[in-house]
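Structure record follows, encoded as structure tokens.
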Amino acid sequence: QVLLVESGGGLVQPGGSLKLSCGSSGISFGIYGMGWYRQAPGKQRELVATITRGGDTSYADFVKGRFTISRDNAKKTVYLQMNSLKPEDTAVYYCRATLGLAGYWGQGTQVTVSS
């Protein structure tokens with residue numbers, strides 16, 4: 001059984017930081033591409049950042065320079081460091097593991113940016 005479990009969400013003030021983690025089990029983590037997505041109320045899920053199995057990263061324009069995705073293959077975990085958070089970053093954040101046509105989602109973790 002494949003499990004992706006996100007953690008690290010919460011309430012933070014504008015300008016603050018959070019670090020999300022996504023631990024995995026049931027997959028050969030090191031060969032999967034990993035990504036973070038988010039979905040705000042009433043909006044479609046959108047891509048935030050990805051990291052290939054080789055460590056190459058890409059980011060949505062709206063988080064460039066503020067968010068950093070990384071992975072620790074030994075711990076089978078992908079991270080999302082979020083700095084300079086804005087109210088519009090409020091959403092449920094999901095991690096995703098992909099390998100070819102196969103893909104798995106986590107259950108999501110809520111991030112709320114508010115004063």
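Computed from phi, the 3J(HN,Hα) profile of region 101-110 under the Karplus parametrisation 6.51, -1.76, 1.60 (θ = phi - 60°) reads 8, 7, x, 9, 10, x, 8, x, 9, 7 Hz, with x in place of Gly and Pro. With every protein chain in place and a 1.4 angstrom probe, the accessible-area ranking of V63, V92, largest first, reads V92, V63. Considering only protein heavy atoms and a probe of 1.4 Å, how much of the accessible area of the chain is carbon and sulfur, as a whole percent? Exposed carbon and sulfur together represent 49 percent of the surface.
Coupling constants for region 86-95 follow from the phi torsions by the Karplus curve (6.51 cos²θ - 1.76 cosθ + 1.60, θ = phi - 60°), and in residue order they are 10, x, 6, 7, 4, 4, 8, 9, 10, 9 Hz; glycine and proline get x. For the chain, the orientation-averaged shadow of the C-alpha convex hull comes to 6.8 nm² (one quarter of the hull surface). Our coupling estimate for region 48-53, obtained by passing each phi through the Karplus curve with A = 6.51, B = -1.76, C = 1.60 and θ = phi - 60°, is 9, 7, 9, 9, 7, 5 Hz, Gly and Pro reported as x. Under a 5 Å amide H cut-off, with hydrogens placed 1.01 Å from N, T90 pairs with V113 among residues at least 5 apart or on other chains. The alpha-carbon of K64 sits under 19 angstrom from the alpha-carbons of these lysines, leaving out residues fewer than 8 places away in its chain: K19, K86.
In the context of the full set of protein chains, the chain has a per residue accessible area of 52 Å² (1.4 Å probe).
Using Cα centres only, tell me the gap between region 1-22 and region 52-102 in whole Å. Taking the Cα centre of region 52-102 as reference, the centre of region 1-22 is 10 Å away.
The values are calculated or read from the model by the stated rules, or taken from the named source; none is laboratory data. Since we're looking at a predicted model, the values are computed, not measured. Accessible surface areas use protein heavy atoms only, side chains included; no ligands, DNA or RNA. Shrake-Rupley method; radii C 1.70, N 1.55, O 1.52, S 1.80 Å.
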